[in-house]
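Any read-out appearing in this document is the output of simple, stated calculations on the displayed coordinates, not a laboratory observation. Keep in mind it's a predicted model, so treat the numbers as computed, not measured. Cβ sites come from the backbone with ideal geometry, for glycine too, and all protein chains shown count toward neighbours.
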Amino acid sequence: MATDPSEYDKAMPIVAAHLAKIERAVSRTRSSHAGQLYTTVREALVQALRDENAERVVPQVVDEFARRISEEPDALPF
């Protein structure tokens, strides 16, 4: 199934904006909760994603970010 290239061009700004919201939420959570318990970090991250209007994130991704903020805060790419 071929995809019209213009659809890609239309979608990319939307995807980029959503990823920027996720990045802000992760960065903010890491700044305020680095090294804290996983459950605390995960709750804070979920709230930060809500605040950014970026709740549509695969749950496993949220889990992994929360784990890394809790256990390896300096190893995140953002």
Inset, instruction - With a ≥ b ≥ c taken as the square roots of the eigenvalues of the C-alpha gyration tensor of the chain, please select rounded if a/c is under 1.5 and otherwise prolate if a/b is larger than b/c or oblate if it is not? - result: prolate
Inset, instruction - Run the dipole for segment 33-73 about the Cα centre, Lys and Arg Cβ at +1, Asp and Glu Cβ at -1, nothing else charged, and hand back the magnitude in debye, nearest 20. - result: 40 debye
Legend entry - Computed [θ] at 222 nm, deg cm²/dmol, the chain (DSSP H ≥ 4; -39,500 (n - 2.57); rounded to nearest 500): -24500 deg cm²/dmol
Legend entry - Pairwise label distance in nanometres, LEU19 with GLU64, each label 7 Å out on the Cα-Cβ vector: 1.4 nm
